[in-house]
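Worksheet: one structure, shown below.
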Amino acid sequence: MVRKSCSGGLVYSTDGGRMCPACRQPVATCACKAAQAPSGDGIVRVSRESKGRGGRTVTLVRGLALDAEALAALGKRLRSACGSGGTAKEGVLEVQGDHAERVIALLQAEGFAVKRSGG
C-alpha cells in the first residue's frame, strides 16, 4: 500500500513506514533530520502544572534547543539534583514535584536564559 499527499510526495509506504517529505527516505533513516537544528527562541521557560495528572504537581521545562540525547542527559541531571523522577517527552522535560526555583537555578548555572512562566 502506498499513499501520496496532495502535493504528490510519498508519505507512507508499507515497506518503510512514514516517509520524510524533504528527503523522501523513511523517517527512521531520514538524512535531513540529522542536519536540522532544534528550533527555539533561546529562552527556556519553566512552569508548574497539575492538570490531567490526578492533582500531582510537575515542573515543566520548555524551549530547550537540544537534540534528544542532550535533552535526556540534562533531564537526568535535573532529576538527580531535585531528588525526584520525571521524563523527557516531545522536547519537554518533566520533573515530578514543585521544583521550579531549583530547576531555574540549575539551568542558569548551566548557561541557559531562563524565565518562569505560569503561576
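What the table shows:
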| read-out | value |
| --- | --- |
| Test: residue in the stretch 80-90 that is in contact (Cβ under 8 Å) with a residue 40 or more places away in the chain and hydrophobic (A, V, I, L, M, F, W, C) | no |
| Among (1) at pLDDT below 85; (2) in the same structural domain as LEU106 (by TED's automatic domain parsing), the one test that CYS82 misses | (1) |
| Close pairs from the stretch 50-66: first over 15 Å from ARG79 (Cβ atoms) and in the same structural domain as ILE104 (by TED's automatic domain parsing), partner in a strand (DSSP E or B) and among the hydroxyl-bearing types (Ser, Thr, Tyr), Cβ under 8 Å, at least 6 apart | ARG62/SER47 |
| Selection from the stretch 55-98 of residues that are assigned to a helix (DSSP H, G or I) and either surrounded by 15 or more Cβ atoms within 10 Å (Cβ to Cβ) or in contact with a helix residue (DSSP H, G or I) (Cβ under 8 Å, 6 or more places away or on another chain) (or both) | LEU71, LEU74, GLY75, ARG77, LEU78, ARG79, ALA81, CYS82 |
| Residue in the stretch 37-44 that is part of a strand (DSSP E or B) and touching a residue at least 60 places away in the same chain (Cβ under 8 Å) present | yes |
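The values are calculated or read from the model by the stated rules, or taken from the named source; none is laboratory data. Since we're looking at a predicted model, the values are computed, not measured. When we count neighbours, we look across all protein chains shown, and the Cβ atoms used for this are built from the backbone with ideal geometry, even at glycine.
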